Amino acid sequence: MGRLSSGDASGGSRYDNNFASGSGPAKRRAMVGCKVEMARNEAGVKTEKDCNLRVMGGDTDFMMEALRKLDCPTCPYGIGIPES
């Protein structure tokens with residue numbers, strides 16, 4: 001409860017955005033990013049469907065780069081802009 005009251009909404013999870021391009025873990029992480037509008041906007045992708053198709057086609061780099069820019073250990077799914 002203390003973690004939530006301090007603004008940490010991560011649920012205690014840790015997320016890694018440093019996987020080999022096109023690897024299974026990179027695809028899974030990129031698919032999570034496709035569900036988050038902020039990450040899609042950062043990656044320059046309009047819809048979740050377009051994002052998913054691109055990731056399933058093997059291109060994970062665009063989303064992994066966006067996720068690295070939005071790395072926020074205290075945000076849900078580790079994606080967001082940390083509060084100062």
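The values are calculated or read from the model by the stated rules, or taken from the named source; none is laboratory data. This one's a predicted model, so the numbers in the text were calculated from it and none came from an experiment. All Cβ positions, even for glycine, are placed from backbone atoms using ideal geometry, and neighbour counts span all protein chains on display. Surface areas here come from the heavy atoms of the whole protein model, side chains and all, with no ligands, DNA or RNA. Shrake-Rupley method; radii C 1.70, N 1.55, O 1.52, S 1.80 Å.
Couple of notes before you dig in:
- Table column - 3J(HN,Hα) (Hz), the range 68-83, Karplus curve with 6.51, -1.76, 1.60, x for Gly and Pro: 5, 5, 9, 4, 9, x, 9, 9, x, 6, x, 10, x, 10, x, 6
- Backbone phi angles across the range 52-61, fed through the Karplus curve with coefficients 6.51, -1.76 and 1.60 (θ = phi - 60°), yield HN-Hα couplings of 4, 4, 5, 5, 5, x, x, 8, 10, 4 Hz in residue order; Gly and Pro are listed as x.
- The per residue volume of the convex hull around the alpha-carbon atoms of the range 21-84 is 69 Å³.
- Scanning residues 5 or more positions from Ile79 or on other chains, those with amide H under 5 Å from its amide H are Cys72, with H placed 1.01 Å from N in the peptide plane.
- Table column - 3J(HN,Hα) (Hz), the range 22-35, Karplus curve with 6.51, -1.76, 1.60, x for Gly and Pro: x, 6, x, x, 5, 5, 4, 5, 5, 5, 5, x, 4, 7
- Restricting the range 42-84 to GluC sites (Glu not before Pro) in coil, as DSSP defines it, with at most 15 other Cβ within 10 Å: Glu83
- For Phe62, the accessible surface of its heavy atoms amounts to roughly 30 Å² (probe 1.4 Å, protein chains only, rounded to the nearest 10).
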